[in-house]
Every structure is written in C-alpha cells, then in structure tokens.
Amino acid sequence: MKSLALSINRRFFYGWVILAVAALGIFVSGPGQSHTFSVFLVHIQADLGLSATTVSSAYAFATLVAAFGLPWMGRLLDRIGPRRMLLGVSLLLGLACAAFGAAAGFLWLAVGFAALRFLGQGSLMLTSSNMISHWFDRKRGFALGLMAMGFSASMAVHPPLSQWLIDTVGWREAWVWLGVSTWVLMMPPVLFLVHNRPEDLGLLPDGDGTAASSEDTTATAAAETGLTLREALATSTFWILCAGLFGMSMLVTSLHFFQVSILTTQGLGEAAAARIFPISALVMIIAIPLVGRALDRFPTKRVFTFGLVVMITSLTSASQVHDLPTAIIYAVAFGLNNGCTMTFFGYVWPRYFGRKHLGAIQGTGQMIAVTGASIGPIPLAIAFDLLGSYSETLLALALYPASCAIIALLFLKTPARLLAQQQSAELE
C-alpha cells in the first residue's frame, strides 16, 4: 500500500486520492440521510400500520439519540485513525441497513433509525471530513468543498435508486441491497488506498514536498499541535462556532422539511414547488467549491459571518414567496445556504483548534449541530398549527442567525493557546 501510494504521489499529490475516497464516504452515507428515508416513509407506514406522526417522532428521537454518541466516536477516531474507523463504520452501516429491512414494529424501527443516523449521517461523515483535515491545510476549504459534492451525488442517486429497488424487490429487500452497496463501494478503496495522515508516508499536507526533505517544519509540526477537548470547551470560540452551526443545522433542516408546505401555503402550485428542489441543488453544487476557495483565501470569521447572512436571506426570502420569480430567488439563496453549511462543518474545527485532538472536538461539535437538526422542524410545526401560516415565524427565526453573525464578526478568533503552540512548534 505504501509503495502504491508513493508511486501515485510521484505523478500527483496522493491527497487527491484520499479526497476521492472521502467524497465516496459522503456518498455512501446516503442510507443514513433524510433524502433516502423520505422515499421509504409511505411504505413503512403502510406495512407497519404506523401514522406519519409516529414515524416522524421515531426519526426525530433517533436522530437526537444518535447525536450523543458522536463525541465518543470522535475520541475513538483520534485513537485508531480514519482508516480503521472507515472500515468499521462501513461494515456496521451495511449490517444496519439489512437489519432495518427486517423492522417489525415501532421499537425496532426507532433503533434502526438511530443506527443508520449514527453510522451514516454521523460517523461516516465525521470520519471523512476528519481525514481531509489531516491531508490538506492551505487548500483545506477547497478540498472539503469537493468532498461535499459526494452529498450532492447522493441526493441525486439514492432517492431514485431506492424507488427502483422498492418497485423491483419491495422496501424490505431494498435495504439489504443498500447495505450490500455500502460494502462493495466503500470497503475495497479503504482497504487498499487510505492512509491516515500524509506524515505516515513521509509527506506534508497539500503536497508541499516531503517531511524528510522539507526545511520548513511548520506543516509537520501542525500534526502535533492542537487543543484538547477540555481546552477547546473553555474557549469562547468553540461556543460561538457551535451556536452558529446549531442554528444553521436547525434552520436548514426546517426549510428542507417544510419547503413544499411553505411554498404551497403561500400560493405556489405543487408542481412549481417541486421544481424548486433542482434549482437549489444546482446552486449548491456550484457554491460548495466556491465557498471552500473563499475559506482558503479570506479571513474565516468573515466567511462564516457571510454564511449566517445567507441563512437570514433564506428565511426572509422564504417568507416572501408568492409566485414563481420569488420562489426562484428563495431557491438560489437556499442552495447557497446549503453549500455554506456543508463546507463549514468540516472546516472550522481544525482551523480554530488544530489537528492533534481533532476527532474529539469535531465529534462534540457535530453532536451539537445534529441536535439542532433533530429539533429543527418543531418551531415551524407549532407555529403553523397555531397561526396557520409560516411567514411570521420564518422572520422571527431569522433573528437567531442575525445575532450569531454579529457575535461571530466581533468576537470569533483563534484561541491564544493554539497560537502559542504553533509558535513554539515553529521555534523548535
């Protein structure tokens, strides 16, 4: 494996191979993502005799429970490395898919939801972005943006594939084949291509020569610097980032969940509302690498603040939709919103807390963000039941990212302890 990697590295930086595997990991997380579950919900309800509210409640609760396992997975990731973690999670995700197809009641369904969300939407995405953060430094934003294209590919492939499997073999056996596809797609590349860090091959992040020959020790020292989870939790930076990402995750999930209902309630036809999804998806695909480039070139706090402003724009434009042109404006804003959110989740943790204990910090941050996703639809649901409208609540919710944007612009900064570690490593 090492000889193969170094042979490839003589032609181009091996980190791009790692990036391809990481993007594949994001794609393979599809069975644990909402866009795949949505195809199965009607069939599950009919087969198990459960109401939509019951199934949705099980899904939300399972997502919340799964979130609290991510800090433990992050610490495990720091100990065993991305390669072993990817192998283990891929194996378990395939088994979870097969077991989910045998769900016989509410309890089994809830446990199945939790396993798929924990392994797919949580652990597999966490490990993939963690691996990219070790292989790229100066180009990390761009690399994470390209990795996130795997999510766009999953949105395009998994729903129609799932529907075809349901029509062909039924919803239960469809999950077995989704599990098999997880093993076939993910395990061979991980076994033969993945190395945890460039330093394991004597290389430096971004393809900046080799660790052995480089006179610049900064990149090599970066692998050994970083705050512990306890030190990160003691900084205001961690909580500013968590507040912003919690809000983005919560509000993006709310808009995904209620988008058709919002648009049709405000005067758009169902067919027109459905055509909004591809517009947002296309904008997201274009936006992801651009956001990554911006993170590499401009101060992080300004790009992060920009993402929160885009979140405000998404909410306010959604509240103003009344015809197709205003719906298109919303679709563009929401697509850019998704691109920012996907890229931020992997970028901000190594940027502000270093690489040494990245898994533990990233896992805790992702737990908080996924918690936001699990409760996201609740405010809009309550508001619609009470008011019969979404507009006022969407405008009120925009105050949250507005507050986070002001705080981030004024107070977000690299922790002094990390700066001291980096300066000490450079002197050594």
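Laboratory data are not the source of any read-out in this text; all were calculated from the coordinates shown. Remember, predicted model here, so these are calculated numbers, not experimental data. Reconstructed Cβ throughout: ideal geometry from the backbone, glycine too, with neighbour counts over all protein chains shown.
Note the full-extension length gain between ILE279 and ALA153 as 0.36 nm times their separation in residues minus their Cα-Cα distance, in nm to one decimal. List each step's numbers first, then the result.
Details: separation 126, 0.36 × 126 = 45.36 nm, distance 1.47 nm.
That works out to 43.9 nm of additional length.
For the chain, a crude dipole built from +1 on the beta carbon of Lys and Arg and -1 on the beta carbon of Asp and Glu, taken about the Cα centre, is about 640 debye to the nearest 20.
Each of PRO379, THR300, LEU324 was placed along the dipole of the chain (beta-carbon charges, centred on the mean Cα), and the one lying farthest toward the positive end is THR300. Candidate cross-link partners of LYS301 among the lysines, defined by an alpha-carbon separation under 27 Å and a same-chain spacing of 8 or more, comprise LYS139, LYS356, LYS413. What angle, in degrees between 0 and 90 and rounded to the nearest 10, separates the Cα long axis of helix 324-353 from the longest principal axis of the Cα atoms of the chain? Tilt of helix 324-353: around 30 degrees. Largest GNM mean-square fluctuation among ASN337, ASN130, ASN196, using the chain with Cα springs under 10 Å: ASN196. Helix 358-375 and the longest principal axis of the Cα set of the chain meet at an angle near 10°.
When VAL55, VAL291, VAL348 are arranged by Cβ crowding within 10 Å, least crowded first, meaning fewest neighbours, the order is VAL55, VAL348, VAL291. Comparing the chain with the 2.2 N^0.38 Å rule of thumb, its C-alpha radius of gyration ratio is 0.97 (two decimals). Going by neighbour counts of Cβ atoms within 10 Å, the residues ARG10, ARG117 line up, fewest first, as ARG10, ARG117. So, counting K/R as plus one and D/E as minus one, what does the shell of residues with Cβ under 11 Å around GLU231 add up to? Local charge sum for GLU231: +3.
Scanning the chain for chymotrypsin sites (Phe, Trp or Tyr not before Pro) in DSSP loops with at most 15 neighbouring Cβ atoms within 10 Å leaves 69-428 as the longest stretch between them. Rounded to the nearest 10 degrees, the angle from helix 416-427 to the longest Cα principal axis of the chain is 30 degrees.
As a proxy for reagent exposure, ranking GLU392, GLU173 by other Cβ atoms within 10 Å from fewest up yields GLU392, GLU173.
Result for the chain in a Gaussian network model with C-alpha springs under 10 Å: among LEU124, LEU19, LEU399, the largest mean-square fluctuation is at LEU399. Comparing SER391, SER254, SER57 in a Gaussian network model of the chain (Cα springs below 10 Å), the most mobile by mean-square fluctuation is SER57.
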